[in-house]
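The values are calculated or read from the model by the stated rules, or taken from the named source; none is laboratory data. Just so you know, these numbers come straight off a predicted model, no measurement behind them. Heads up, the Cβs are rebuilt from the backbone with ideal geometry, glycines too, and the neighbour counts pull from every protein chain shown.
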């Protein structure tokens, strides 16, 4: 395939040729090389010509199977689907749509046959298709009428009632045709208060992928601040229409700006918490389409950046009553955890550094590999210190080494979080981490880093999202959030163990928050 550009007399001619190539199923890479255009140019052309952002201009998909092979419900907080999922009419042709494994898991875990599921960012109808397959009623809508046309085509398949039995069900269930509408997620006035059993939605990511050709009301054209403002309206309406005790799940990712991460996911979680929701689960969705070898590996090391490879799936709950926040601990103090200067256990040598924002490391030497990746990448051989937060006791005599020379990396670790800390422990921990940072930041060289290893914990049945809370609390003008890394262990026999009788997912991930000291 030659990379020589093919010239056209007019822009219109060029666009017609590209559309013809797309209709033939030619990959975007080949089209870009042939006509000298970028992927973004092709994407915008398709969106303008079709009214919807899709990757292929082909006819209706033939249904080969109605269900995924060897499906098993997720039991932990890290969801990783190497295959996107192509049963029924599912495909990845609609830009940015979510894997059908996500709504399938949510629908099975948080609803029953015949109950009502709402998706107010319908897109090509992934959630609606799963509702039809799983015997749930569904209302799905989108601001884009062309997307609804596509969704209508995708739900137009036949399901034999004899095919509808689930492993967990003893009898067949009724098939409900989804109700697909054109509408605005900010206005759910057509729904009664407390009328929806489950909300599953995948909103746009604040001006990253455009889903229409600048259609009024399309949130994908908004900058982050305006996007969050408008999503607050969506969150408030979601809280109103959801039944008490039921769940609302939203898939969202982070952004980059000037080679630093923008925590859009955590900011959107705040929006839903502010609307009155509690956080029942915080799932990490791992992406598998990130290149990590060759060119990308070399540049990841050279320019010290990680490829974004995770999204967040917060599962909110409209609680039935106000949950008291640790009333029995009101007399406790904040001396339950103490920072201790420790030398971390390191793996002597790594074959190569991790290059994405998801580090899945072997169970054996897990902590040593994690430490080695952090120290090798962010200290650059210019010195580091590690401070570990341990349960406080009278025998604790270690303290932070104030005489240490200036170093490039301060690594803060928090292993006590794995031992079911109380709410008071958590509040004291957050306060003390900030005290350590405020006291020690001056000893970090300009351009150096502070790495904070932390993890979510469950208290009174709800998640305390400590990475989010840490980011919310750190407001130092001399620190700039560079990376949010998710760390997990490779699968082991533990993955076959039921989690808390099935009510909760097992928390199997940690975070590394990487802050860079600015000049």
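Overview of values
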item	result
Filtered residues of the range 372-389 (kept if surrounded by 19 or more Cβ atoms within 10 Å (Cβ to Cβ) and outside any helix (DSSP H, G or I))	379, 384, 385, 386, 387, 388, 389
Residue count for the range 212-239, restricted to those that are at pLDDT below 80 and either touching a helix residue (DSSP H, G or I) at 6+ places or on another chain (Cβ under 8 Å) or in a loop (DSSP other than H, G, I, E, B) (or both)	9
Condition broken by residue 65, with the remaining ones in (1) within 15 Å of residue 133 (Cβ to Cβ); (2) at pLDDT below 90; (3) assigned by TED's automatic domain parsing to the domain that holds residue 187; (4) surrounded by fewer than 21 Cβ atoms within 10 Å (Cβ to Cβ) satisfied	(3)
Hey, residue 294 more than 21 Å from the chain's Cα centre (by Cα), farther than 15 Å from residue 202 by Cα, surrounded by 14 or more Cβ atoms within 10 Å (Cβ to Cβ) and modelled with pLDDT under 95 or not	no
Restricting the range 390-418 to residues that are touching a helix residue (DSSP H, G or I) at 6+ places or on another chain (Cβ under 9 Å), at pLDDT below 90 and farther than 20 Å from residue 434 by Cβ, the residue that is surrounded by the fewest Cβ atoms within 10 Å (Cβ to Cβ)	405
Residue identified as assigned to a loop (DSSP other than H, G, I, E, B), crowded, with 18+ Cβ neighbours inside 10 Å and modelled with pLDDT under 90 among 25, 85, 59	85
Scope the range 332-375; condition in contact with a helix residue (DSSP H, G or I) (Cβ under 9 Å, 6 or more places away or on another chain) and at pLDDT below 65; matching residues	332, 333, 334, 335, 336, 337, 338
Unique match (being touching a strand residue (DSSP E or B) at 6+ places or on another chain (Cβ under 6 Å) and over 19 Å from residue 455 (Cβ atoms)) among 253, 265, 245	253
Residue within the range 150-168 that is closer than 30 Å to residue 75 by Cβ, assigned by TED's automatic domain parsing to the domain that holds residue 245 and modelled with pLDDT of 95 or more present	no
